[in-house]
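Here is the structure we will look at.
We did not get these values from a lab; they are worked out from the coordinates using the rules stated. Values in this document were obtained by computation on a predicted structure and should not be read as measured data.
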Amino acid sequence: MNGGIMDYAFDKLTGRLIIHVDGSDSLRNRSVKYQKSFESDRWWPGSDVLFFVSDVYSPPALQEIDDLYKLFERHSVRKVAIMSRDVLAEATADTAKRIAKMYHIPLKYFTDLQEMFDWINDDIRMGHQV
């Protein structure tokens, strides 16, 4: 945690990783944050990652998005949801979605919190996740 909103947190019941991306974060700091969160004993392989992007956002380069998906693949991320109302975050999510397909990790962008949780929980309600 930093002085403001959380850097990342875990949902105890589902193992979901929730990451806050702040526009003031450098890309290097984001990478360190992601790696640190996956090294935590609170991460459950096969869980979801939810990103909450602040109103001010500086998008990563394509290679950094690809590197992030390699990290997701190594740590068996099941789904990725991105929540924001920032147009740059939406454009980045669109690019990330194409990269995510190469790693077979579903990604979806949301501006509505309930829709995001409905999508994440969809297969859980159908009884497909342990």
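A few comments on the model shown:
- Violating pairs (Cα-Cα greater than 20 angstrom) within the set LYS12/LYS79; LYS12/LYS108; LYS36/LYS101; LYS12/LYS97: LYS12/LYS108; LYS36/LYS101; LYS12/LYS97
- Cα-based radius of gyration of region 44-130 once divided by 2.2 N^0.38 Å, which approximates compact folds: 1.07
- Here is how the number arises for the chain: DSSP H runs of 4 or more residues each give -39500 (n - 2.57), the sum is divided by the residue count, and the result at 222 nm is -13500 deg cm²/dmol.
- Taking amide H as placed 1.01 Å from N in the peptide plane, PHE110 has its amide H under 5 Å from the amide H of ILE82, MET83, SER84, each at least 5 places away in sequence or on another chain.
- For the options LEU107, LEU71, LEU50, a Gaussian network treatment of the chain with springs between C-alpha atoms closer than 10 Å singles out LEU71 as fluctuating the most.
- Size estimate for region 1-96 follows the Kirkwood approach: the inverse of mean 1/r over distinct Cα pairs works out to 13.5 Å.
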